[in-house]
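Student: This structure is in structure tokens; I'll ask about it shortly.
Every number in this text was worked out from the coordinates using simple rules, so none of it is lab data. Everything quoted here is computed from the prediction, not taken from an experiment. Neighbour counts run over all protein chains shown; Cβ positions are idealised from the backbone, glycine included.
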Amino acid sequence: MHGLLLNQFRQFVVEAAGREAWLELTQVANTGTDAYQISGTYPDADLAALVAAAARRQGQPEAVLLEAFGRFLVPTLLRVYGSLLDPAWRTLDVIARTEETVHRAVRLRDPTASPPVLGARREGADVVLIDYASPRRLCPVAEGIARGLAEHFGERVEVTQPACMLRGDPRCAIRVRTLLSA
Ligand code: HEM
């Protein structure tokens, strides 16, 4: 897993609960490190163990925590890779083009990185349907990224999952619909 995700998960925990809480989580999760470099590559199991420990500590479902983490990630994703996006794009355009632009570029820049292969299909002007089947089963992160992008662009979205690997389906279908502003 790309160091950006673990580095940002540390930041997410430190901002919400402080450095002591982060150190405690790395011990409970037995990661063997408390410092994750953006340029590094780390075992997927580290994020899974840290998320499980954080969810237990906060008494929150893992999915709720992961969704908040996805939203938290967006400003950093845009700061690091924003130059790959067309400035005219809004939430649904970014989601629909992520696979052919950013995730593709991430793989080319860093052969050890493995962002999920996202299928995305526009279903009319206000809906995009994402097909997600990463073995990491981080669909709540995808939901959070969609919501975080909408916050960034000042749009309102409704995100639903007609199918979900966490509910036993073979793949996730994540439907993002933009809503008219009030
Ligand atoms: C500005 C746009 C985006 C950038 C720069 C970006 C970049 C990245 C990077 C660097 C990773 C880490 C890959 C690795 O661990 O090796 C990643 C993972 C991920 N991305 Fe994106 N991404 C973007 C948009 C999106 C969108 C729109 C979605 C879905 C709505 C998405 C879903 C995910 C998920 C769920 C992961 C976690 C890894 C997995 O599920 O296998 N990303 N992304």
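Student: Could you tell me whether Ala45 is in contact with a Leu (Cβ under 8 Å, 6 or more places away or on another chain) and in a helix (DSSP H, G or I)? Write out each step before concluding.
Tutor: Working: in contact with a Leu (Cβ under 8 Å, 6 or more places away or on another chain): no; in a helix (DSSP H, G or I): yes.
Here the answer is no, as Ala45 does not meet what is asked.
Student: Within segment 105-155, work out how many residues are assigned to a loop (DSSP other than H, G, I, E, B) and either loosely packed, with under 15 Cβ neighbours inside 10 Å or touching a residue at least 60 places away in the same chain (Cβ under 8 Å) (or both).
Tutor: Of the residues in segment 105-155, the ones assigned to a loop (DSSP other than H, G, I, E, B) are 110-118, 123-126, 133-138, 154-155.
From the residues that got through so far, the ones that are either loosely packed, with under 15 Cβ neighbours inside 10 Å or touching a residue at least 60 places away in the same chain (Cβ under 8 Å) (or both) too are 110-115, 117, 123-126, 135-136, 138, 154-155.
Total meeting the criteria: 16.
Student: Turning to a different aspect of this structure: Given the condition over 17 Å from Glu143 (Cβ atoms) and β-branched (Val, Ile, Thr), answer yes or no: does some residue in segment 74-85 qualify?
Tutor: Yes, because at least one residue in segment 74-85 is over 17 Å from Glu143 (Cβ atoms) and β-branched (Val, Ile, Thr).
Student: Would you mind telling me which numbered condition in (1) farther than 28 Å from Glu15 by Cβ; (2) within 9 Å of the ligand (Cβ to nearest atom); (3) out of contact with any helix residue (DSSP H, G or I) (no Cβ under 7 Å at 6 or more places or on another chain) Ala120 fails?
Tutor: Of the numbered conditions (1) farther than 28 Å from Glu15 by Cβ; (2) within 9 Å of the ligand (Cβ to nearest atom); (3) out of contact with any helix residue (DSSP H, G or I) (no Cβ under 7 Å at 6 or more places or on another chain), the odd one out for Ala120 is (3).
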